[in-house]
Amino acid sequence: MSATLSLAWKSARNRKVTAILSILTVAISVILLLGVERIRTQAKSSFANTISGTDLIVGGRSGQVNLLLYSVFRIGNATNNIDWKSYQEFSQHRSVKWAIPISLGDSHKGFRVMGTNHSYFEHYRYGQKQNLVFTKGREFQQLFETVIGAEVAKELGYQIGSEIIIAHGISDVGFSRHDNLPFKVVGILAPTGTPVDKTVHVSLEAIEAIHVGWESGANLGNTPDAQQLQNRDFQPKQITAMMLGLKSKIQTFALQRQINTYTKEPLSAILPGVALHELWGMMSVAEQALMAVSAFVVIAGLLGMLSSLLTSLQERRREMAILRAMGARPRHVFSLLILEASSLTFIGILLGTFSLYWLLFVAAPFIQQSYGINLSVITLSNYELSLLALVQLAGTVIGFIPALRAYKQSLSDGMTIRI
């Protein structure tokens, strides 16, 4: 076996350009195959880790995916708001342990602004029930104070004490900005890999204060200044959604049914885990399409290697004939071609795997910053190892085709073969 391996290595060295191209073809195929799988699993994990420990999310009557998207992922807008009295009623429900109110609708330079209260920093969990941590500063306490996510601070270069201007609505344009009511940054949250990193957090009272004089959706020109607003007491009239944590999981479905049949206003209560599963199910078509594309690329790569082996085989008939004259049996020639194909595939797999890890190391910060997906540089999973084993098996099987041809030719070719 060692002699055959040594001979295969020397044969590959004599055709190093063809061998290198075959290895690169397999490597690129492996990079795409494992890359798609890694992004798929990490994206799914990032979605699942966005919210943890919340039993119910309540919003205006709508589909559960839409409610999940705007309340947790800050994507889209609510169909209806929730009356503050409804929030108070359910936050004080005997089954509810804690409640987090959320008010959305404003923005700052492309980042969503969220109004909330102390419960958010105390009870909101992500990942494996991890709580929010401040890298700098503290929670907001005064009316015009704000806490920003890690990505907001990084991209806009904000520090503790920086002043920001919030814009009315999603489009941050000049005529929609609350220019006379700047907010002071008093806290910066640690990175979470979730939409929290891209959120500007203010108090619910601040949301009410900045919209005094904007009741019609535009500035009517009679907006009080910050000093005048500081002396007022504000209570929200409406919020966008609320997150509920219950005293017992057993009470979840009973409270969900009670909220969904609430007669005072149309509300929807969803289970985050179920909504996440439905959301991922909607994306499964794209997921399967990516896997199919990567599988076809692997097949194309292996066919490219087969083509190069068959092309070089015609040029190597004299080599095979010499080996037969020196005492090599047909099965030795057969084994040589299979071992060569298997070795090229194995080297391609190694190169592709190491290249993927290097790409992940380089691209992970950019992907997390741009898409919020945390690509961890972790060891290969059992499923990924099985994919690589299938590629190795396919590469070995591919070697049987030129090996069979070489086997047949070596039986009939002699030293006087004409090429």
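What follows is calculated from the coordinates using simple rules that are stated; it is not laboratory data. Owing to the predicted nature of the structure, the values given are computational and were not obtained by experimental measurement. Note: ideal-geometry Cβ built from the backbone for every residue, glycine included; neighbour counts use all protein chains shown.
Remark: spin-label model distance Lys44-Lys136 equals 3.9 nm, labels positioned 7 Å along the Cα→Cβ axis. Fully extending the segment from Ile165 to Val397, taken as 0.36 nm per residue of separation minus the present Cα-Cα distance, adds 77.1 nm.
Between the amide H of Ser62 and those of Ser268, distances stay under 5 Å, these residues lying 5 or more places away or on another chain, with hydrogens modeled in the peptide plane. From most to least packed by mean Cβ count within 10 Å, the peptides 39-52, 252-265 give 39-52, 252-265. For the pair Thr263 and Ser307, a Förster radius of 60 Å applied to the C-beta separation gives a FRET efficiency near 0.25, rounded to the nearest 0.05. Applied to region 26-33, the Karplus parametrisation 6.51 cos²θ - 1.76 cosθ + 1.60 on θ = phi - 60° returns per-residue 3J(HN,Hα) values of 5, 4, 5, 4, 5, 4, 5, 4 Hz, with x for Gly and Pro. Evaluating 6.51 cos²θ - 1.76 cosθ + 1.60 at θ = phi - 60° for every residue in region 128-135, the Karplus couplings come out as 8, 6, 8, 8, 6, 10, 8, 7 Hz, glycine and proline recorded as x. Here the spin labels are modelled as points 7 Å beyond Cα on the Cα-Cβ line, and at Ala389 and Met283 they lie 2.9 nm apart. The string of couplings for region 348-356 from the Karplus curve (6.51, -1.76, 1.60, θ = phi - 60°) is x, 5, 4, 4, x, 5, 5, 5, 4 Hz, one whole number per residue in order, with x for Gly and Pro. Distances between placed amide hydrogens fall under 5 Å for Arg112 paired with Val200, all partners being 5 or more residues away or on another chain.
Once backbone amide H atoms are built at 1.01 Å from N, Arg177 has His168 as its partners under 5 Å, excluding neighbours fewer than 5 places away on the same chain. Take each peptide in 234-243, 351-360, count the other Cβ atoms within 10 Å of every residue, and average; sorted highest first, the result is 234-243, 351-360. A protection proxy built from the mean count of other Cβ atoms within 10 Å ranks the segments 197-204, 279-286, most packed first, as 197-204, 279-286.
With 25 Å as the limit, the listed pairs Lys44/Lys129; Lys109/Lys154; Lys109/Lys264 have Lys109/Lys264 beyond it between alpha carbons.
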